[in-house]
Amino acid sequence: MLQLSICKCRPAPVQLLSHGLFGCSPYRPGVAIDIKQLDFLSILHSNTAPNLSAWCTSLQEHLGSLGHLFDTEVSLNTCLWYYIF
């Protein structure tokens, strides 16, 4: 849990952003979401399709943006399909 000291010179949203978090309200946020998770949701939304391939592609792009690279484009898809079957 993150504790903040709130004042007019350093409001909660600014402090949360400095920790990589996005507050769910502009004043006295009780919940904050990790910016990396918001990036993942943005990628997922751009690949929206009700199937596993879209989820795999979105996850692979998100992990790639964090520096986790895969040998092939289909490596994550292949692993997940193998697990399902």
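The values are calculated or read from the model by the stated rules, or taken from the named source; none is laboratory data. Just so it is clear, the model here is predicted, and its values are computed rather than measured. We place every Cβ from the backbone using ideal geometry, glycine too, and count neighbours over all the protein chains shown.
In the range 1-43, what residues are in contact with an Asp or Glu (Cβ under 7 Å, 6 or more places away or on another chain), not assigned by TED's automatic domain parsing to the domain that holds Gln60 and not small (Gly, Ala, Ser)?
Leu21
Quick one: would you say Leu41 is surrounded by 10 or more Cβ atoms within 10 Å (Cβ to Cβ), touching a Leu at 6+ places or on another chain (Cβ under 9 Å) and at pLDDT 75 or above?
So Leu41 fails the test.
Looking at the range 5-20, I want the residues that are assigned to a loop (DSSP other than H, G, I, E, B) and have a partner that is among the basic types (Lys, Arg) with Cβ atoms under 9 Å, at least 6 apart or on another chain. Which pairs are those?
Ile6/Arg28; Gly20/Lys36
Identify all residues within the range 44-70 that are buried (at least 17 other Cβ atoms within 10 Å of the Cβ) and closer than 22 Å to Leu16 by Cα; write none if there are none.
Hit for the range 44-70 is His62, nothing else.
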